[in-house]
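Notes for the one structure printed next.
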Amino acid sequence: MDIIFKDVNYTYQPNTPFSHHALKTINLEIQSGSFIAIVGHTGSGKSTLLQHLNGLLKPTSGQISLGNTELPGATSKQLKDLRQQVGLVFQNPEHQLFEETVKKDLLFGPKNFGFNVKDVEKELNDVMEQVGLDHTVLERSPFELSGGQMRRVAIAGMLLVKPQVLVLDEPTAGLDPSGQKEMLQMFKALHEMKQHTIILVTHSMEDALNYAEQVVVMNQGQIECVNKPEDLMHNQERLRRIGLDIPEPIESIRYMKERLGLEWQEKEYTEEAISRTLIEYIKAGATS
Ligand SMILES: Nc1ncnc2c1ncn2[C@@H]1O[C@H](COP(=O)(O)OP(=O)(O)OP(=O)(O)O)[C@@H](O)[C@H]1O
Ligand SMILES: [Mg+2]
């Protein structure tokens with residue numbers, strides 16, 4: 001489903017002393033099947049924006065189209081369908097776990113959407129493996145788990161209802177570096193194999209660059225810019241001004257371009273890719 005935000009504003013607790021204008025005239029198009037990263041400093045409105053994607057929050061003004069569903073104004077049946085089609089994993093996964101055992105928690109969503117429980121139970125092991133959870137946690141209380149395990153349970157629960165759009169609010173927070181990489185690789189594989197739309201909020205500009213096709217930069221409730229990863233380096237000054245740092249690999253690539261005239265051909269923005277490019281450059285120099 002294509003997602004279109006048109007002049008969306010959102011104010012928390014309007015007409016109270018706690019009123020906060022958290023989204024300001026957001027215009028954004030997310031094409032079906034794309035991989036988008038959203039970055040921005042703390043409090044810039046990322047989580048607020050995400051919660052509009054499955055109708056948890058509704059715009060104070062403006063319109064959002066999600067496939068054939070319009071917000072505000074969707075019927076409760078449309079909202080229920082939307083919540084199956086758009087899976088949201090919260091920034092604090094403990095907020096979305098509530099059952100006595102992990103297994104009950106994992107089955108709650110599929111039951112709620114009318115899935116056949118026997119079929120879902122058959123998929124349970126695969127999904128647990130996919131997110132890196134041992135089956136011994138199934139009978140434990142979700143609240144006894146570590147932060148990283150809770151996050152994996154929340155992600156597994158989302159996958160079991162088979163959404164087309166995966167909305168992930170810092171899904172790798174609390175995981176160790178290898179767990180972070182595995183989780184992102186899993187989302188990338190889902191994106192590539194099943195054409196899922198992925199919308200990922202991350203504090204890591206490197207992850208945004210290496211996984212997303214478009215990077216949305218938010219600043220104080222507004223969209224500062226939307227760039228392809230390879231174009232972000234041209235916006236370095238703008239990003240610095242709003243307190244975001246360009247990761248080192250991008251700095252090095254820009255430097256190589258300016259000083260050596262090197263064209264960047266790699267798909268990933270990593271130290272390894274830089275080394276490969278430099279080795280090729282040196283080799284070419286040695287043979288010319
Ligand atoms: N329930 C609420 N009531 C009033 N203001 C709120 C509420 N929730 C969030 N805000 C405010 O809205 C702004 C945007 O918050 P949001 O959580 O969307 O930011 P964020 O970009 O996700 O930040 P972070 O990177 O820290 O997760 C912040 O200034 C925040 O204080
Ligand atoms: Mg947030």
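Report whether or not Thr11 is away from ligand 2 (no atom under 16 Å from the Cβ), of a type outside the set (Asp, Glu), farther than 25 Å from Ala189 by Cα and open to solvent by 10 Å² or more (accessible area, probe 1.4 Å). Walk me through it before giving the result.
Values: away from ligand 2 (no atom under 16 Å from the Cβ): yes; of a type outside the set (Asp, Glu): yes; farther than 25 Å from Ala189 by Cα: yes; open to solvent by 10 Å² or more (accessible area, probe 1.4 Å): yes.
Yes; evaluated as a whole, the condition is true for this residue.
State yes or no: is Thr136 free of Cβ contacts under 8 Å to residues at least 24 places away in the same chain, hydroxyl-bearing (Ser, Thr, Tyr) and either more than 16 Å from ligand 2 (Cβ to nearest atom) or buried (at least 17 other Cβ atoms within 10 Å of the Cβ) (or both)? Working first, answer last.
On the way: free of Cβ contacts under 8 Å to residues at least 24 places away in the same chain: yes; hydroxyl-bearing (Ser, Thr, Tyr): yes; either more than 16 Å from ligand 2 (Cβ to nearest atom) or buried (at least 17 other Cβ atoms within 10 Å of the Cβ) (or both): yes.
Yes; evaluated as a whole, the condition is true for this residue.
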| request: Note down all Cβ pairs under 7 Å where the first residue falls in region 42-57 and is under 23 Å from Thr75 (Cα atoms), the second is outside any helix (DSSP H, G or I) and within 9 Å of ligand 2 (Cβ to nearest atom), and they're at least six residues apart or on different chains. | output: Leu50/Asp169; Leu50/Val201
| region 169-179, residues that are away from ligand 1 (no atom under 16 Å from the Cβ) and open to solvent by 10 Å² or more (accessible area, probe 1.4 Å) | Leu175, Asp176, Pro177, Ser178
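Considering only region 181-200, state which residues are in contact (Cβ under 8 Å) with a residue 24 or more places away in the chain and out of contact with any His (no Cβ under 6 Å at 6 or more places or on another chain).
Glu182, Met183, Leu184, Met186, Phe187, Lys188, His191, Gln195, His196, Thr197, Ile199, Leu200
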| task | From Asn210, Asn227, grab the single residue that is in contact with a Ser or Thr (Cβ under 8 Å, 6 or more places away or on another chain) and polar (S, T, N, Q). | result | Asn210
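In this structure, is Leu166 over 15 Å from the mean Cα position of the chain (by Cα) and away from ligand 1 (no atom under 16 Å from the Cβ)? Steps first, please.
Working: over 15 Å from the mean Cα position of the chain (by Cα): no; away from ligand 1 (no atom under 16 Å from the Cβ): yes.
Taking the combined requirement at face value, the residue does not satisfy it.
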| field | Those helices (runs of 4 or more DSSP H) lying entirely in region 186-288 with at least 3 residues open to solvent by 60 Å² or more (accessible area, probe 1.4 Å) | value | 236-241, 248-260, 271-287
| remark: When restricted to Lys103, Lys46, the only residue open to solvent by 50 Å² or more (accessible area, probe 1.4 Å) and either more than 16 Å from ligand 2 (Cβ to nearest atom) or not aliphatic (A, V, I, L, M) (or both) is Lys103
| message | Tell me whether region 124-145 contains one or more residues that are touching a strand residue (DSSP E or B) at 6+ places or on another chain (Cβ under 6 Å) and β-branched (Val, Ile, Thr). | response | no
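The values are calculated or read from the model by the stated rules, or taken from the named source; none is laboratory data. This structure is a prediction, so every number in the text was calculated from the model and none was measured. Cβ sites come from the backbone with ideal geometry, for glycine too, and all protein chains shown count toward neighbours. Just the protein is used for accessible areas: all its heavy atoms, side chains included, with ligands, DNA and RNA removed. Shrake-Rupley method; radii C 1.70, N 1.55, O 1.52, S 1.80 Å.
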